[in-house]
Amino acid sequence: MSLDQKKYLHKLHMNKIKVIICQIFLIVSFLFLWEYLVNKGIISSFIYSSPSRVIKTIKELIESHNFFNHIYITLKEVFISFTLGISLGFIIALILYEFKFLAKVIDPFLTMLNSLPKVALGPLIIIACGANIKSIILMALLINLIVSIITIYNGFLGTDEYILKLFKTLGASRFQILTKLVIPSSYQTIIASFKLGIAQTLIGVIMGEFLVSKEGIGYLIVYGKQVFNLNYVMTGIILLGIISYILYKLIIILENKLLKHL
Amino acid sequence: MNNLLEINNISKNYHTKNGEIEAIKNISFKIKKGEIISIVGPSGCGKSTLLSIISELDHDYFGKIIKDNNLKIAYMLQSDALLPWLTIYENAILGLKIKKRLDNETLDYVNYLFDFYNLSEFKESYPKNLSGGMRQRVALIRTLALKPDLLLLDEPFSALDQQSRLLISDDVYKIVKKEKKTVILVTHNIEEAVSFSDRVIVLSKRPSQIKNIININFTNQESIYERRKEKYYHQYFDTIWKDLDINES
Ligand SMILES: Nc1ncnc2c1ncn2[C@@H]1O[C@H](COP(=O)(O)OP(=O)(O)OP(=O)(O)O)[C@@H](O)[C@H]1O
Ligand SMILES: [Mg+2]
């Protein structure tokens, strides 16, 4: 390796470290400022809680044995709704791609469903499915499914026309065209739909937990509001922030693995 | 019958929302085994349409095509159409795989072609790491691997720079001659048409008809570089140039 190349790599590395240092600095100073403002009484500790109160709340929750359960419940619901949403979205997109006539027919309905505010369906869902995990998953599905279908379907439609023509000249069957061309060439869009889907799923699950109000992080937040202990609310929000970051990162890792060669 | 393919009175109209487009009209020609034919004509006159019909991609036309039922036709497009997520080698055997013709014999032939084009060391690379010329060679290997009787080439070199274009068309010429393949080449490049083929068909603009057929009588049958030095080369060039030019005005 030449000296210049070494220098270049070193610079790249240093840059990365600098970014991380700045990010840690931002978080730490934010936490300090928050604690300081609350302690000095400049902002209300009742409404805004404080880092030390959040830590105390977490301790309390762990001691009363339901902290990890709430996280586990929320993650479980996210996992189920996300997997369901993505797989159903994929299958429906495939069906629409194979049957263009059907796609044309249901197009306006998809658009309508997509822009409908799904919270409005909350009361209906609760009454139909009962106050349980089914309602939560249905709520999350309503929110993430339509987006998955539309994104993945558009990915399929974006298949390179020249390569499609090549497959036809080779006499490929419809099944071969799907498995060897249309699906692999949509990997990128499919991953993009994962990214959209995970955010949408979290929204749906928390909305569902608000409605069902039994367990999970969404429940913690509603419960905190009801008993006027806003420490719970703040703890819930911070947990959600951390969870959504980690889930997003996991998808990025998956993306880097799958799309190495593109 | 010593004709590999006989095209009789082929016409094709496209129907669109905005009306009917007469693409080609009453085109007839014959091609013998081992012959190389070039088709030249103004942009949008229907050259690709004609190849689509011959390759049976398009069944919606008037007229008749006479050929052996077992005739193996391969079609090579302007774009190399390599799949970016497959290695060069996997791309090269894609056609064999789709047609379920992967066996020792066909694979040996693919390996031979890789050696012939000096691409063996790139087998495990991905398309994005190759130059345009190399990618086009891989597309060519993918096409030749099917051992087609008739090779349809639709401006296969037009995306390349001048130098790669010359090198690769010479490569193609050599292998086509060596294996006595029958070829129909569509090109915009008159020099390419003259140096490459035994016959040049000049099409008129839409609705496109055969304007002229020029037989190219060169003694050299080995290299397009040598063919370009032949005595009547420029004469042929001028004839085709005039035929095309009259069409434009
Ligand atoms: N699928 C289609 N639907 C409607 N019109 C078409 C279609 N394909 C081609 N055409 C029209 O038919 C005519 C001939 O097209 P074609 O692609 O065969 O021309 P070409 O000679 O190959 O052109 P170029 O030199 O630009 O490659 C053009 O005017 C084109 O607009
Ligand atoms: Mg064309």
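Of the residues A:82, A:109, which single one is in a helix (DSSP H, G or I), assigned by TED's automatic domain parsing to the domain that holds residue A:194 and touching a Ser or Thr at 6+ places or on another chain (Cβ under 9 Å)? Write out each step before concluding.
Working: A:109 fails: touching a Ser or Thr at 6+ places or on another chain (Cβ under 9 Å).
One residue alone meets the criteria, A:82.
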- From the set of residues in region B:59-74 that are over 16 Å from residue B:149 (Cα atoms) and of a type outside the set (A, V, I, L, M, F, W, C), which is farthest from ligand 2 (Cβ to nearest atom)? B:64
- Message: Among the residues in region B:169-177, are any assigned by TED's automatic domain parsing to the domain that holds residue B:57 and over 15 Å from the mean Cα position of the chain (by Cα)?
- Response: no
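Does region B:223-231 include one or more residues that are surrounded by 19 or more Cβ atoms within 10 Å (Cβ to Cβ), away from ligand 1 (no atom under 16 Å from the Cβ) and either closer than 27 Å to residue B:12 by Cα or not hydroxyl-bearing (Ser, Thr, Tyr) (or both)?
Applying the first criterion (surrounded by 19 or more Cβ atoms within 10 Å (Cβ to Cβ)) to region B:223-231 yields B:224, B:227.
Now narrow it down to the ones that are away from ligand 1 (no atom under 16 Å from the Cβ): B:224, B:227.
This time we only want the ones that are either closer than 27 Å to residue B:12 by Cα or not hydroxyl-bearing (Ser, Thr, Tyr) (or both), so: B:224, B:227.
Checked against the condition, which is being surrounded by 19 or more Cβ atoms within 10 Å (Cβ to Cβ), away from ligand 1 (no atom under 16 Å from the Cβ) and either closer than 27 Å to residue B:12 by Cα or not hydroxyl-bearing (Ser, Thr, Tyr) (or both), region B:223-231 yields at least one hit.
Would you check if residue B:96 is within 16 Å of ligand 1 (Cβ to nearest atom), under 21 Å from residue A:177 (Cβ atoms) and not in a loop (DSSP other than H, G, I, E, B)?
In short, no.
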- Tally of residues being outside any helix (DSSP H, G or I) and near ligand 2 (Cβ under 9 Å from one of its atoms) across region B:46-58: 1
- In region B:1-31, the residues that are surrounded by 14 or more Cβ atoms within 10 Å (Cβ to Cβ) and aromatic (Phe, Trp, Tyr): B:29
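Mind counting the residues in region B:212-238 that are of a type in the set (Ser, Thr, Tyr) and part of a loop (DSSP other than H, G, I, E, B)?
Within region B:212-238, residues that are of a type in the set (Ser, Thr, Tyr) and part of a loop (DSSP other than H, G, I, E, B) number 3.
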- Query: Between residues in region A:196-222 that are surrounded by fewer than 21 Cβ atoms within 10 Å (Cβ to Cβ) and residues that are outside any helix (DSSP H, G or I) and among the basic types (Lys, Arg), which pairs lie under 7 Å by C-beta distance while being six or more apart or on different chains?
  - Reply: none
- Item | Residue among B:171, B:154, B:80 that is acidic (Asp, Glu) and more than 16 Å from ligand 2 (Cβ to nearest atom) | B:171
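Conditions (1) more than 14 Å from chain A (Cβ to nearest Cβ); (2) more than 15 Å from the chain's Cα centre (by Cα); (3) more than 16 Å from ligand 1 (Cβ to nearest atom), marked per residue:
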{"site": "B:2", "(1), (2), (3)": "yes, yes, yes"}
{"site": "B:19", "(1), (2), (3)": "yes, yes, no"}
{"site": "B:26", "(1), (2), (3)": "yes, yes, no"}
{"site": "B:48", "(1), (2), (3)": "no, no, no"}
{"site": "B:82", "(1), (2), (3)": "no, yes, yes"}
{"site": "B:91", "(1), (2), (3)": "no, yes, yes"}
{"site": "B:108", "(1), (2), (3)": "yes, yes, yes"}
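Taking the conditions exactly as written (away from chain A (no Cβ under 13 Å) and within 27 Å of residue A:260 (Cα to Cα)), does residue B:61 satisfy them or not? It would help to see each step written out before you state the result.
On the way: away from chain A (no Cβ under 13 Å): yes; within 27 Å of residue A:260 (Cα to Cα): no.
Criteria not met by residue B:61.
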- Note on the structure: Out of (1) of a type in the set (A, V, I, L, M); (2) farther than 27 Å from residue A:250 by Cβ; (3) more than 14 Å from every other protein chain (Cβ to nearest Cβ); (4) free of Cβ contacts under 8 Å to residues at least 60 places away in the same chain, the one residue A:147 does not meet is (2)
- residue A:87 passes all but one of the listed conditions (1) small (Gly, Ala, Ser); (2) closer than 30 Å to residue B:52 by Cα; (3) surrounded by fewer than 14 Cβ atoms within 10 Å (Cβ to Cβ); the exception is number (2)
- Tell me which of these residue B:34 doesn't satisfy, since it passes every other one: (1) away from ligand 1 (no atom under 13 Å from the Cβ); (2) exposed (fewer than 13 other Cβ atoms within 10 Å of the Cβ); (3) not aliphatic (A, V, I, L, M). (2)
- Message: Regarding region A:180-187, can at least one residue be identified that is loosely packed, with under 15 Cβ neighbours inside 10 Å, in a helix (DSSP H, G or I) and within 12 Å of chain B (Cβ to nearest Cβ)?
- Response: no
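The values are calculated or read from the model by the stated rules, or taken from the named source; none is laboratory data. Computed from a prediction, not measured in an experiment: that's the story for all the values here. Ideal geometry is used to build each Cβ from the backbone, glycine not excepted, and the neighbour counts take in all protein chains shown.
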